[in-house]
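All of the numbers you see were taken from the coordinates with simple rules; none came from a lab. Small disclaimer: the values here were computed from a predicted structure and weren't measured. All Cβ positions, glycine included, derive from the backbone under ideal geometry; neighbour counts span all protein chains shown.
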Ligand code: SF4
Ligand code: SF4
């Protein structure tokens, strides 16, 4: 299994070096949503390409497994070639996945503008490095984080608006540990928007572990839903701050079988409360969607506008 | 960190809320098992397939920490041990 994890690390590090994106993919998928928005400035809306990246993680694992890498370690040596097995092959989100990601980000941008928030975008924004940190390769992460920080500084950025919990967590809590004199202000779009309508009337919220238990945002998205009249069904053992279960996503690349089983259990719990689930993280969305049959899963930024 | 781990009373409350333990029902894939694996690594012990599997599959979801009566920083221990394990090879 350690070979497998190292193969993943090689793949991610190699691609970050070449492309500032963790997987072999055409980077243009990251910036389509931003067309027409003002470039740069002191405050930027930073997607870290997370909405486009999330569906690609499972695809990358599939490719690695097909070329003979195995998370059980049987033929894992082959995977040691991690970065090379893809050759010139590029991962691509499906048209529907790409459209969905772009739509979510555009809606966030529109909500911010309507709330009077001025911001710019960076069309060649680098990925935050979160995946590397989460895989456990902190030294690789640290040197990459310093590079990303320099990128922001060189462009005069002082404040970053995040759209997902993984990016928010590493920027706010992990970067300062590794980047000397880190002084970027990190805010979430959820702290700033003032939505006026919703596309559903009743749903259950699936919390992000990071938002609920690390970043103190448990009440923030609930308040947003309240403000547009969405009824969120609660049950302390399913949606309570302490008991809300993880989607399994963080180990999707390490043990997809266990991640899938975790998601199935989570979907079963949620489905008892509502047939509509609202997620606040692109990784949760992907992992739960794969296990959900007959359940409608929507991102918060697909519900409020 | 080892003294932190040694405060574990092995009560098992954490296992009841751990998503990976509930998915596979194997001790090394739950918090109290992971703590012992972490202890072995931090103490310089030999690694095995189970140690890697145990530490690499923690979701870092923190569900266990919120129910632990000994308030052990379970995720910090696991992450620290994992870092040590990968750096060693
Ligand atoms: S809940 Fe805390 S004290 Fe009890 S077994 Fe788990 S880690 Fe040990
Ligand atoms: S943080 Fe790790 S050990 Fe604790 S409940 Fe989550 S998956 Fe289990």
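On the basis of being touching a residue at least 12 places away in the same chain (Cβ under 8 Å) and either over 15 Å from residue B:54 (Cβ atoms) or within 14 Å of ligand 2 (Cβ to nearest atom) (or both), does residue B:12 make the cut? Yes. Residues in the range B:46-89 that are in a loop (DSSP other than H, G, I, E, B), crowded, with 20+ Cβ neighbours inside 10 Å and more than 7 Å from every other protein chain (Cβ to nearest Cβ): 3 in all. When the residues of the range A:275-287 are narrowed to those that are within 13 Å of chain B (Cβ to nearest Cβ) and part of a helix (DSSP H, G or I), which ends up nearest to residue A:202 (Cα to Cα)? Once the filter is applied, the top-ranked residue is A:284. Restricting attention to the range B:6-34, the residues that are more than 8 Å from ligand 1 (Cβ to nearest atom), surrounded by fewer than 22 Cβ atoms within 10 Å (Cβ to Cβ), away from chain A (no Cβ under 11 Å) and not in a loop (DSSP other than H, G, I, E, B) add up to 3. In this structure, does residue A:178 turn out to be over 16 Å from residue A:249 (Cβ atoms) and crowded, with 24+ Cβ neighbours inside 10 Å? So residue A:178 does not fit the description; no.
For residue B:84, the conditions (1) more than 11 Å from ligand 1 (Cβ to nearest atom); (2) within 24 Å of residue A:209 (Cα to Cα) are fulfilled apart from (2).
Quick one: would you say residue A:105 is crowded, with 21+ Cβ neighbours inside 10 Å, within 14 Å of chain B (Cβ to nearest Cβ) and touching a residue at least 60 places away in the same chain (Cβ under 8 Å)? So residue A:105 fails the test.
Matching residues to (1) within 14 Å of chain B (Cβ to nearest Cβ); (2) more than 16 Å from ligand 2 (Cβ to nearest atom); (3) surrounded by fewer than 22 Cβ atoms within 10 Å (Cβ to Cβ):
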| position | (1), (2), (3) |
| --- | --- |
| A:235 | no, yes, yes |
| A:238 | yes, no, yes |
| A:242 | yes, no, yes |
| A:251 | yes, no, no |
| A:254 | yes, no, no |
| A:257 | yes, no, yes |
| A:273 | no, yes, yes |
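Within the set A:123, A:181, A:173, A:146, the sole residue that is more than 21 Å from residue A:299 (Cα to Cα) and without any contact (Cβ under 8 Å) to a residue 12 or more places away in the chain turns out to be A:181.
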